[in-house]
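Comments concern the structure below.
The values are calculated or read from the model by the stated rules, or taken from the named source; none is laboratory data. Model, not experiment: these values are computed from the prediction. Note: ideal-geometry Cβ built from the backbone for every residue, glycine included; neighbour counts use all protein chains shown.
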Amino acid sequence: VRDREAPASTDTSDPVAALLDWHASATDEQKKLIGILCRGAFAMALGDQSEHEPRPLDKVILDFRNRQLAQRIIADDSQRIYITYGAAHLPGVLASLQAADPGWQITTVKWMRGMATPEHLEGALPSMP
């Protein structure tokens, strides 16, 4: 298997490639640390998302991912599905699910820590039509 693995990138000018190379050769503990650092970087870059003006990346971060998640949920034949997603995704995912089947509804919501440690674990769902 080792002979068939893709060779590691040697492009040091691309920080993403360097991070992926580091991750590929990391121990399990180092991979956990990389995950924590990535979540922290995303949390700092995105900042407080409770009230913000639409940004160009929202089309990818929200709209595209919402459609993809809704399609996977619809395609799954399980009776119960557990999903951990950010609250900002819920209105779009629910709208896509309800477009396919108006019977979709929210039955429970549980607040959990996401990318950054919040001051409290309570929140409000984004307004939904």
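Would you pick out the residues in region 97-121 that are modelled with pLDDT of 65 or more and in a loop (DSSP other than H, G, I, E, B)?
Passing the criteria: ASP101, PRO102, GLY103, TRP104, GLN105, ILE106, THR107, THR108, VAL109, LYS110, TRP111, MET112.
Do any residues in region 52-64 that are surrounded by fewer than 10 Cβ atoms within 10 Å (Cβ to Cβ) have Cβ atoms under 7 Å from those of residues that are not in a loop (DSSP other than H, G, I, E, B), where the two are at least six apart or on different chains, and which pairs are they?
Sorted first by the residue in region 52-64, then by its partner, the list stays empty.
Out of LEU69, LEU94, report the one residue that is modelled with pLDDT of 80 or more, within 19 Å of TRP111 (Cα to Cα) and surrounded by 13 or more Cβ atoms within 10 Å (Cβ to Cβ).
Of the residues listed, the single one that is modelled with pLDDT of 80 or more, within 19 Å of TRP111 (Cα to Cα) and surrounded by 13 or more Cβ atoms within 10 Å (Cβ to Cβ) is LEU94.
State whether the residues of region 39-62 include one that is assigned to a helix (DSSP H, G or I), at pLDDT 85 or above, hydrophobic (A, V, I, L, M, F, W, C) and within 19 Å of PRO91 (Cα to Cα).
Within region 39-62, not a single residue is assigned to a helix (DSSP H, G or I), at pLDDT 85 or above, hydrophobic (A, V, I, L, M, F, W, C) and within 19 Å of PRO91 (Cα to Cα).
Can you tell me which condition ASP11 does not meet? The list is (1) assigned to a helix (DSSP H, G or I); (2) at pLDDT below 75, and all the others hold.
Status for ASP11: all satisfied but (1).
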